Amino acid sequence: MSQGKQEWEQSLDEEVGFDPTADHLLDVRDLHVEFPTDYGVVNAVNGLSYTLDRGETLAILGESGSGKSVSALAVMGIIEKPGRIPKGEVLLHGLDLLKTPSRQLRDIRGERIAMIFQDALTALNPVYSVGWQIAEMYRRHRGTDKKTAYKYAADLMDRVRIPNARNRVNDYPHQFSGGMRQRVMIAMALSLDPEVLIADEPTTALDVTVQAQIMNLLSELQDETGMGLILITHDLGVVAEVCDEVNVMYAGRVMERAPIRRLYAEPAHPYTLGLLHSIPRADRKGQPLDPIPGQPPNLANIPSGCEFHPRCAFAEDICSTDAPPLYDVDGQRQSACHFWEEVLRARSQPTAT
Amino acid sequence: MPAASQQQPEPLLRVENLVKWFPITQGIVFQRHIGDVKAVDGVSFELYPGETVGLVGESGCGKSTVARTLLRLEEYTGGAAYYKGQDIFKLGGSEMRKLRRNIQIIFQDPYASLDPRMTVGDIVMEPWEIHSDVVPKDKRRTRAQELLERVGLNPDYLNRYPHQFSGGQRQRIGVARALALNPEIIICDEPVSALDVSVQAQVMNLLEELQGEFNLSYIFIAHDLSVVRHISDRVGVMYLGKIIEIGDEHQIYEEATHPYTQALLSAVPLPDPTKRETRDRIILEGDLPSPSNPPSGCNFRTRCWKAEERCAEEEPELIDRFGHGHPSACFFAEERAAVL
C-alpha cells in the first residue's frame, strides 16, 4: 500500500505543483475570515498566522467565538457562503490552497490534509454504515473496487483500536458509543495518510476516561505516521498534555504564541494569565477564583485598539487606540500586548491570596 | 467556608437507598415491560446545613437523575429521602409544593432552561405566582431587581428577553430564579459545564458568595472533577447508578481507594505541562456498560484491573473495610500514590 501511496503522491505533486523546498509543511499567513450578516460584518478571524512542521503538535486555544474553528474551516477550504476570506494565504508545501481551483483542492483534501470534527454523531451520516463512510473516500481517491475498500476500512478500524472491527464494518453510527464514533471519525481522517490532521475539539463531547483514550490514540498515530497535528480546543488541560506549541486566540487574533512550558510557567499576555487564574486549582481551594471580568466581545463590533482591553487589568489609554502587534518576547514566543514586560513581572511575583 | 458537619449532627437532607428505574417497554398498544434502565440503583448520602456535597461521574452514571428524583421531577422507584425528618416521596401535592420552596434547582443548559418568550422579570417573578406569600405583589418588581443586582446583572434588564444575554449571564438569571423563594437547598445540575473557563469562574465565585450570604446547602453535580473539588466539602463518586466512594474533598482527591476514582482522577488532563511525563496515568479500557444490563457483582469489574472472581459473584458494599477513614465499594480498596 505504501508503494501505491508514493506513486500517487508523485503524480499529485507534478499535477498541482507543490514546492519541495518550502520551509514549512503548512504555513498560514495573515488569514482573515468574515461573515456578512444583517447586523453587520462578523469578523471571525482577523490576521491569523502560524506554521506547522512534520511531527509537530500545535494547539489553537481559545474560548467560544475566538475564531479557532472558523480558521480551521478556512484552512480546509470549506467556509460556506456567505462567509468569505478577504485576505490571507494558506500554503501547503508552498502551494496557496486559497488560490487552488476547487477540483484540484478536492484531490488535496483528505489526501494531504484532513480534519476531525467535534461532534461525531452529527458529522457521520446516519443512513450509511461506518464501513461505507470510511471506504468512500478511499474509493473516490484511489479508485479501488468495493471489496478492497471495505477490507481497507476494516483495517483502519483495527488501527484506531475499535474492538472486533471486522464484524462492525457494517454497523451504523448509532450502534457505536461516543468514544467509538470519534474513533470512526479518526479512521476516516486517516484513511489516505494525510500529512496534516486538524482535530477540532476532538474530545470535548466525551467523558474524561474516554477522552484520555482518544488523546492517547491520536499521539500514538502521530508517532506512527509523523503527521503534523493541529489541535483546536478550549481545554487548558488537554493542551498541556499533548502540545508542543500554543497559539492563544481571542476575538479572531492570536494574543500569545509560545512553546508549551513557557506559556504555562510565565504567560506574557494578560488574557493567558487570566485564563490560567480562572481554572480551579487544588492548592487554592477555599479561596475565590480569579476570573476575567466581563464578557467576550461581539465579533460584529470588536473593541477598538486591543481587542482585550475592556477586560484587561493592565489596560491603559494606548490600548484603546493602538492595536498591539505581536511583540517578540524572547525569540521563541510573541505576545500581542503593549505591556508584556509588566505581565511577565506580575506572574513572577507570588500570586495574590 | 461552610461549617463542617460535626457541629450539626442533624442532616438537612438524608437520602436512603434511592432507586430510580426507567421501564423499557415493547409494543405500541399493549406495552410489555421487558426490562429496566437502572439509572439510580441504591444511592445514600446526607446533606448538612451550609454544606456542599458534590456528585461526580461520567455521563450516564445517574447523577442528574438523582437530582431530578429528589425534586420529584421524576417519580421514585424505591428508597426514601428525608428533608428535616419528612419523607419527600410520601408528601401529597400541596405539601410537596410547599417543600419545593425550600429545595430549588439550577439547570445545566442556560439556553434551554429559560422560556424564550418570557422577560427576565417574568422568569424571576414566576415562583411568586405560586408561592404568593413570599413577596407581596406590590414589592415584587423591586425584589426582582434586587435579585438581579445580587447575581451581578443590571437591574434595569428586567424587561429584556433571554436571547439578549450571553451564556454566563443567562446562568445568572437561573441563579436569581432559584434564589427567589429563599430556599435552603439548591441543587446545581452541571451549572457551569456549558460556560467558557473565564465565565465559569465568575459563576462559581457567585455561587460560593451566595452560599455564605444565605446559608445555602448545595448538591453540586458536575463531571468536571476540578470544579467539583473547588466547591465541595464532601464528594460522592458515582458509577452506573451507585455511589462507589464518598468522603470529604481531601479523602477523595488525595486518598482515593476505589480503582474507578483513581482512574477517573488520573484521566483528568492537568493544566501543567511539567507533569506530563511524571504522572502515573491509568487508561481504562472499553466503555461504560449499559445501565439496563449492568454486570453482575461489582459494576466496575468489567473495566477494572484488580477484578477477581469474587467481584463477579458478590456486590461490594459501600463501607470502610480497611480503616481508610471513608467508605469505598471495593473489596481491594487501597490508596495509591497521588494521581492528580
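The values are calculated or read from the model by the stated rules, or taken from the named source; none is laboratory data. As the structure is a prediction and not an experimental result, all values here were calculated from the model. Reconstructed Cβ throughout: ideal geometry from the backbone, glycine too, with neighbour counts over all protein chains shown.
Cβ-Cβ contacts under 7 Å between residues 6 or more apart (or on different chains), taken from a first residue in the stretch A:276-289 that is touching a residue at least 24 places away in the same chain (Cβ under 8 Å) to a second residue that is in a loop (DSSP other than H, G, I, E, B) and among the acidic types (Asp, Glu), are listed as A:His277/A:Asp290.
Rundown of residues vs (1) aliphatic (A, V, I, L, M); (2) under 29 Å from A:Leu61 (Cβ atoms); (3) within 14 Å of chain A (Cβ to nearest Cβ); (4) touching a residue at least 24 places away in the same chain (Cβ under 8 Å), yes/no style:
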| position | (1), (2), (3), (4) |
| --- | --- |
| B:Pro136 | no, no, no, no |
| B:Glu146 | no, no, no, no |
| B:Gln164 | no, yes, yes, no |
| B:Val175 | yes, yes, no, yes |
| B:Gln200 | no, yes, yes, yes |
| B:Val203 | yes, yes, yes, yes |
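Determine whether B:Ala263 is within 9 Å of chain A (Cβ to nearest Cβ), surrounded by 22 or more Cβ atoms within 10 Å (Cβ to Cβ) and not hydroxyl-bearing (Ser, Thr, Tyr). Can you show your working first?
Numbers: within 9 Å of chain A (Cβ to nearest Cβ): yes; surrounded by 22 or more Cβ atoms within 10 Å (Cβ to Cβ): yes; not hydroxyl-bearing (Ser, Thr, Tyr): yes.
Yes; evaluated as a whole, the condition is true for this residue.
Being closer than 30 Å to A:Tyr250 by Cβ, at pLDDT below 90 and of a type in the set (D, E, K, R) is a property that A:Asp119 has.
Which residue, of B:Val66, B:Val40, is closer than 27 Å to B:Pro316 by Cα and assigned to a strand (DSSP E or B)?
Working: B:Val66 fails: assigned to a strand (DSSP E or B).
Residue meeting the stated conditions: B:Val40.
The set of residues from the stretch B:209-225 being surrounded by fewer than 21 Cβ atoms within 10 Å (Cβ to Cβ) and either acidic (Asp, Glu) or within 11 Å of another protein chain (Cβ to nearest Cβ) (or both) comprises B:Glu209, B:Gly212, B:Glu213, B:His223, B:Asp224. Restricting attention to the stretch B:308-340, the residues being farther than 25 Å from B:Glu249 by Cα and either surrounded by fewer than 19 Cβ atoms within 10 Å (Cβ to Cβ) or among the hydroxyl-bearing types (Ser, Thr, Tyr) (or both) number 7. For the stretch B:271-307, filtered to residues that are in contact with an Asp or Glu (Cβ under 7 Å, 6 or more places away or on another chain) and within 8 Å of chain A (Cβ to nearest Cβ), the residue that is surrounded by the fewest Cβ atoms within 10 Å (Cβ to Cβ) is B:Arg276.
From the list A:Gly62, A:Gly77, A:Gly88, A:Gly55, the one residue that fits, being within 21 Å of A:Asp19 (Cβ to Cβ), buried (at least 19 other Cβ atoms within 10 Å of the Cβ) and modelled with pLDDT of 90 or more, is A:Gly88.
Looking at A:Leu289, A:Leu273, A:Leu299, A:Leu263, can you tell me which residue is at the interface with chain B (Cβ under 7 Å from one of its Cβ atoms), among the aliphatic types (A, V, I, L, M) and out of contact with any Lys or Arg (no Cβ under 6 Å at 6 or more places or on another chain)?
On the way: A:Leu273 fails: at the interface with chain B (Cβ under 7 Å from one of its Cβ atoms); A:Leu299 fails: at the interface with chain B (Cβ under 7 Å from one of its Cβ atoms); A:Leu263 fails: at the interface with chain B (Cβ under 7 Å from one of its Cβ atoms).
None of the others qualify; the one that does is A:Leu289.
Filter the stretch A:252-305 down to residues that are of a type in the set (S, T, N, Q) and not in a loop (DSSP other than H, G, I, E, B) and give me whichever is farthest from A:Trp340 (Cα to Cα).
To start, the set of residues in the stretch A:252-305 that are of a type in the set (S, T, N, Q) comprises A:272, A:278, A:287, A:295, A:298, A:301, A:304.
Of the ones still in play, those that are also not in a loop (DSSP other than H, G, I, E, B) are A:272, A:278.
Details: A:Thr272: 11, A:Ser278: 19 Å.
That would be A:Ser278.
Regarding the stretch B:248-256, can at least one residue be identified that is at pLDDT 90 or above and under 20 Å from A:Val210 (Cβ atoms)? Yes, the conditions are met somewhere in the stretch B:248-256.
Report yes if B:Leu240 is at positive phi, buried (at least 22 other Cβ atoms within 10 Å of the Cβ) and more than 9 Å from chain A (Cβ to nearest Cβ), otherwise no. It is true that B:Leu240 is at positive phi, buried (at least 22 other Cβ atoms within 10 Å of the Cβ) and more than 9 Å from chain A (Cβ to nearest Cβ).
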